[in-house]
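The values are calculated or read from the model by the stated rules, or taken from the named source; none is laboratory data. Values in this document were obtained by computation on a predicted structure and should not be read as measured data. Counting neighbours? That spans all protein chains shown, and the Cβs are built from the backbone with ideal geometry, glycine included. Note: areas computed on protein heavy atoms with side chains; ligands, DNA, RNA excluded. Shrake-Rupley method; radii C 1.70, N 1.55, O 1.52, S 1.80 Å.
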Amino acid sequence: MSNTDPFDAISDPNRRYLLEELRRAPRTVNELAEGLPISRPAVSQHLKALLDSNLVSVSASGTKRIYAINKPGFDRVNLWLDQFWS
């Protein structure tokens, strides 16, 4: 269930960076943290906001948590944006 407005979630530049990286391939928190000037716990907090807004999904692979884009989560954003092109 989505708790966070996806527009609030993508308003942060670090979260947009995470989405761009995840668009290329699913990644772990450590892999994502390598490209940001913030700590791994801060990356985890940003990922939590993206999870809460249903823009990202997470799966377990052994002891690792793999984050990926949740394409259906972008439907709400796409529907809102599409109204401006009709």
Check your understanding: Going by alpha carbons, how many degrees (0 to 90, nearest 10) lie between the helix axis of 40-52 and the longest principal axis of the chain?
Key -> 30 degrees
Check your understanding: In the stretch 28-86, which chymotrypsin sites (Phe, Trp or Tyr not before Pro) fall in coil by DSSP and have 12 or fewer other Cβ atoms within 10 Å?
Key -> PHE84, TRP85
Check your understanding: Of ARG24, ARG65, ARG16, which is the most mobile in a GNM of the chain whose springs link Cα atoms less than 10 angstrom apart?
Key -> ARG24
Review point. Taking Cα atoms, how many degrees apart are the long axis of helix 13-24 and the longest axis of the chain, rounded to 10 and kept between 0 and 90?
Key: 80 degrees
Review point. Counting only heavy atoms of protein chains, what accessible area per residue, in Å², does the chain have with a probe of 1.4 Å?
Key: 66 Å²
Check your understanding: Comparing LEU36, LEU47, LEU55, which has the greatest mean-square fluctuation in the GNM of the chain with Cα pairs linked when under 10 Å apart?
Key -> LEU36
Practice item. Could you tell me the convex hull volume per residue, in Å³, taken over the Cα atoms of the chain? Key: 101 Å³
Check your understanding: Which percent of the accessible area of the chain is formed by carbon and sulfur heavy atoms (probe 1.4 angstrom)?
Key -> 51 percent
Practice item. Set the Förster distance to 25 Å, then compute FRET efficiency between GLN83 and SER11 from the Cβ-Cβ distance, nearest 0.05. Key: 0.80
Review point. Sequence-distant or interchain residues sharing an amide H contact under 5 Å with THR28, placed H: which?
Key: TYR67
